[in-house]
Amino acid sequence: MQEAVNKVQPVDEILPLPRLFLFGLQHVLVMAASPITAVFLVSKALNFPTELTLNLISATFLICGVGTLLQSFGPWKIGARLPFIMVPGGAPIVIFLVIAQQTNVQTATGAVILTAMFYFLILPVFARCLKYFPKLVIGTMLLLVSINLVKVYGGIITGNPGTPAFADPANVLLALATMGFTVAFARLLSGTFRQLSVLLGLLAGSCVAASLGAMSFADVVPGPIISVPTLFPFGMPTFDVVAAIPLVIFSVISMAEATGQTVAIADVVGKEIDTRIDVPKTIRGDAIASLLGACLGTSLIITSGENIGIVRATGIRSRYVTAASGGILIVLALFAPLGRLVNAIPGPVVGGTAVIVFCIIAAMGIDMLRKVDLGEHGNLFTLAAGIAMGLLPILIPGIYSKFPQVVQMIMGNGLAAGTLTAVILNIAFHHLGGPATAAAAAPAPATAPAPDAAE
């Protein structure tokens with residue numbers, strides 16, 4: 001009996017150091033394209049010099065590492081003590097860029113700082129609204145997260161439409177080969193090697209790329225050895241509340257996304273949580289990482305849906321693995337040649353690995369929706385409308401391009417539009433009617449005393 005009480009939960013298990021490193025590296029290699037791509041997008045659009053670009057890459061890796069450690073260890077109720085990886089948010093990068101182009105980059109940095117502070121102001125109110133995120137809403141959100149990420153990383157595989165290299169068969173075949181290696185390793189290997197199938201698939205794809213001359217190491221050695229991020233690299237920030245409004249609006253969507261990810265990862269690792277207590281911990285981690293990141297020149301740094309698929313695929317549920325990832329990210333940030341080595345991995349290889357991982361997230365969403373009674377009228381229409389509103393901007397970019405900018409910021413983001421629709425319809429069908437209607441709502445998953453959607 002005493003052994004059962006003292007048994008370490010899988011999420012709290014400390015693995016041997018070699019396994020911690022390998023599984024942590026697996027997470028890092030899958031997410032590494034995100035910070036690099038985010039920095040290059042901003043740097044190219046704002047014409048930053050090469051030295052500043054490299055400095056920002058270092059800063060982004062550093063903050064992602066620090067944020068990952070916060071989420072994994074959860075000190076002072078900052079971080080959920082779950083296996084999360086932190087990355088720059090895709091939508092926040094675009095909003096940061098728009099603010100910088102409309103005003104200046106100092107104002108964009110100030111907007112990130114104001115948004116990070118807004119997280120703390122709105123969090124007590126948001127925590128009271130968590131009963132409006134049952135399985136129905138979170139399952140819909142996971143589906144849309146997966147589809148959106150597959151589209152983004154599919155673009156990394158194919159390149160930009162209209163360019164000469166778009167849909168180059170060599171790149172597409174390299175991505176498909178990487179996916180094939182990953183699936184083959186998952187099928188043929190066993191034990192630890194099977195759990196490392198994502199990493200092994202990525203390495204095999206990189207070897208193929210190198211043998212074909214598609215991977216160059218020429219830029220790995222030249223350059224500085226140590227890279228130290230600069231505090232306020234754009235100068236002192238300018239605070240403009242009006243300019244920050246689009247980023248502040250997005251932060252509410254980000255909190256909803258963090259809710260879904262917290263519930264999803266808790267379900268994967270088998271940890272019972274109280275959403276009213278644990279979701280705010282995740283959001284505080286996002287807020288602190290974003291605040292620190294703004295001081296080093298980044299946009300919002302948020303929890304990543306990317307690594308949820310890896311945790312499900314590998315079955316390795318320890319938060320100490322992602323803590324190891326955080327340490328690796330910090331080393332990558334400070335030891336410049338390692339960062340350049342990761343950057344040398346071809347986009348199609350990273351994209352092929354990522355597509356497999358993200359589709360596992362879709363499978364998790366389907367599994368969650370499987371537990372919802374879709375024979376019930378309100379659930380069926382909530383799901384259908386949420387997916388419809390989410391898919392429209394994903395499948396038809398620019399559908400809201402002639403609408404006001406604020407509408408574009410929300411409705412033009414498939415994840416935001418779909419999640420908002422699902423939340424509103426869940427309230428309409430299950431919270432504004434009588435007791436019989438309210439009883440149809442499903443309880444929030446992976447929670448202990450958290451209220452369900454019927455309350």
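Each residue of the stretch 230-239 was assigned a 3J(HN,Hα) from its phi angle through the Karplus curve 6.51 cos²θ - 1.76 cosθ + 1.60 (θ = phi - 60°); the sequence is 9, 6, 6, x, 9, x, 5, x, 10, 9 Hz, with glycine and proline shown as x. Farthest towards the positive end of the charge dipole of the stretch 290-395, among the residues SER299, LEU383, ALA363, is the Cα of SER299, using unit charges on the Cβ of Lys, Arg, Asp and Glu. Here is the P(r) of the stretch 270-392: all C-alpha pair distances, binned every 10 Å from 0, give 10, 25, 39, 20, 6, 1 in whole percents. Each listed q (0.15, 0.17, 0.20 Å⁻¹) maps to a log10 I(q)/I(0) for the stretch 11-136 from the Debye sum over equal C-alpha point scatterers, namely -0.92, -1.09, -1.26.
So how far, in whole Å, is the C-alpha centre of the stretch 184-198 from the one of the stretch 128-150? The stretch 184-198 and the stretch 128-150 have Cα centres separated by 29 Å. Here the convex hull built on the C-alpha positions of the stretch 110-228 has a volume of 263 cubic angstrom per residue.
Ignoring lysines fewer than eight residues from LYS135 along the same chain, the ones with Cα atoms less than 23 angstrom from its Cα are LYS271, LYS281, LYS371.
Straight-line reach from LYS7: taking Cα to Cα under 18 Å and skipping same-chain neighbours fewer than 8 places apart, the aspartates and glutamates in range are GLU272.
Net length available on complete extension from LEU380 to VAL241 is 46.0 nm, with 0.36 nm assigned per residue and the Cα-Cα distance removed. Between ALA428 and ILE226, the simple label model (points 7 Å from Cα in the Cβ direction) yields a spacing of 6.0 nm.
Checking the cross-link filter: which lysines have an alpha carbon closer than 26 Å to that of LYS402, excluding same-chain neighbours under 8 positions apart? Once the sequence-local lysines are set aside, what remains near LYS402 is LYS44, LYS151. With the highest mean first, a sort of the peptides 314-321, 411-418 on other beta-carbon atoms found within 10 angstrom per residue produces 411-418, 314-321.
Note on ALA184 and ALA210: the model spin-label points, each 7 Å out from Cα along the C-beta direction, lie 1.8 nm apart. Could you tally the net charge around LEU123, taking each other residue with its Cβ under 14 Å from the Cβ of LEU123, Lys/Arg +1 and Asp/Glu -1? Once positives and negatives cancel, what remains is +3.
Less than 5 angstrom separates the built amide H of ILE273 from those of THR447, ALA448, all sequence-distant by 5 or more or on a different chain. Comparing PHE73, LEU188, ILE283 along the charge dipole axis of the chain, the residue lying farthest to the positive side is LEU188, per the Cβ-charge model. Once both labels are positioned 7 Å from their Cα atoms along Cα-to-Cβ, the gap between LYS151 and LEU395 label points is 1.0 nm. For ILE302, the residues 5 or more places off, or on other chains, whose built amide H falls under 5 Å of its own are VAL87, GLY89. Compactness of the chain, taken as the C-alpha radius of gyration over 2.2 N^0.38 Å, stands at 0.95.
Highest mean first, the peptides 105-114, 68-77, 215-224, 16-25 sorted by other C-beta atoms within 10 Å per residue fall in the order 105-114, 68-77, 16-25, 215-224.
We did not get these values from a lab; they are worked out from the coordinates using the rules stated. All values derive from a computational prediction rather than experimental measurement. Heads up, the Cβs are rebuilt from the backbone with ideal geometry, glycines too, and the neighbour counts pull from every protein chain shown.
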